[in-house]
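Participant: First, the structure itself, so that you have it in front of you.
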Amino acid sequence: GSLIVFQRNTLLGNITKQAVPINAVTTYEMICSIFYPKAPLHDGAVVIKDGKIVAARCVIPMKNDREITENVGTRHRAALEVSFNSDAVVVVTSEETGMISLAVDGQLKRGMSDSELRELLGHYLLADNTKQTKKSLFSKKKDKEQTTVQNAEEAAENGGQQDTTDVNTSESEGNINE
């Protein structure tokens, strides 16, 4: 299983400060070696910012009183918690089933295909959607789909580098920094 947090504008210092700092370019090999079941960094989340793995073995603080209607495990609950409290985009892979899920804005989309995940990651991470009003994770429009596909193709051509902007939002509502 895996838990990958893509940091956007909200700073995630309370998640990364007790974690293992990595500061490496995100590659397939790095992700696989971190989430290998017997690897020392396997437990916890990885935080990625601007195409770099910032930290691994990150512990996500969770509230016990939050009602989650779906029958999900700890990784999925942690993904939802981060997405409730920040603008992060979180990918979860179930250790038991291999099912891929995406958490954004407190919503969890489960059972995604690889292509659907790529499309949504392109939408949320490559396009500058952070200043727009929040849109449902489940809404689709033709022109946005085409833009997302183009963005994903450009990212693949550029070695998977993400074009995101770091804006300090430490005083904005919903920030999960200290």
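The values are calculated or read from the model by the stated rules, or taken from the named source; none is laboratory data. Note that the coordinates shown come from a computational prediction; the quantities given were computed from them, not determined experimentally. Cβ placement follows ideal geometry from the backbone for every residue including glycine, while neighbour counts extend to all protein chains displayed. Areas reflect the complete protein model, heavy atoms only, side chains present, ligands, DNA and RNA absent. Shrake-Rupley method; radii C 1.70, N 1.55, O 1.52, S 1.80 Å.
Participant: If you go through the stretch 26-44 one residue at a time, how many are among the hydrophobic types (A, V, I, L, M, F, W, C), closer than 23 Å to residue 102 by Cβ and either open to solvent by less than 30 Å² (accessible area, probe 1.4 Å) or modelled with pLDDT of 95 or more (or both)?
Facilitator: Filtering the stretch 26-44 down to residues among the hydrophobic types (A, V, I, L, M, F, W, C) leaves 30-32, 34-35, 39, 41.
Keeping just the survivors that are closer than 23 Å to residue 102 by Cβ gives 30-32, 34-35, 41.
Filter once more, so that each one left must be either open to solvent by less than 30 Å² (accessible area, probe 1.4 Å) or modelled with pLDDT of 95 or more (or both): 34-35.
The total comes to 2.
Participant: Within the stretch 62-84, work out how many residues are more than 24 Å from residue 37 (Cβ to Cβ) and at pLDDT below 90.
Facilitator: From the stretch 62-84, those more than 24 Å from residue 37 (Cβ to Cβ) are 63-70, 83-84; that's our starting set.
From what's left, at pLDDT below 90: 63-70.
Residues flagged as more than 24 Å from residue 37 (Cβ to Cβ) and at pLDDT below 90 within the stretch 62-84 amount to 8.
Participant: Report, ordered by the first and then the second residue, all pairs with beta carbons closer than 6 Å, sequence separation of six or more or different chains, a first member in the stretch 29-54 that is in a loop (DSSP other than H, G, I, E, B), and a second member that is open to solvent by 60 Å² or more (accessible area, probe 1.4 Å).
Facilitator: Correct list of pairs: 41/57; 44/57; 44/59; 51/161.
Participant: Give just the number: which of (1) modelled with pLDDT of 95 or more; (2) over 24 Å from residue 126 (Cα atoms) does residue 95 not satisfy?
Facilitator: (1)
Participant: Out of the residues in the stretch 1-25 that are assigned to a strand (DSSP E or B) and open to solvent by less than 30 Å² (accessible area, probe 1.4 Å), which is farthest from residue 121 (Cα to Cα)?
Facilitator: Within the stretch 1-25, the subset assigned to a strand (DSSP E or B) is 2-6, 20-25.
Right, trim to open to solvent by less than 30 Å² (accessible area, probe 1.4 Å) and you get 2-6, 24.
Working: 2: 16, 3: 14, 4: 12, 5: 11, 6: 9, 24: 20 Å.
Step by step, filter the stretch 1-25, then rank; the result is 24.
Participant: When you scan the stretch 99-114, do you find a residue that is open to solvent by 10 Å² or more (accessible area, probe 1.4 Å) and within 19 Å of residue 43 (Cα to Cα), even just one?
Facilitator: Yes.
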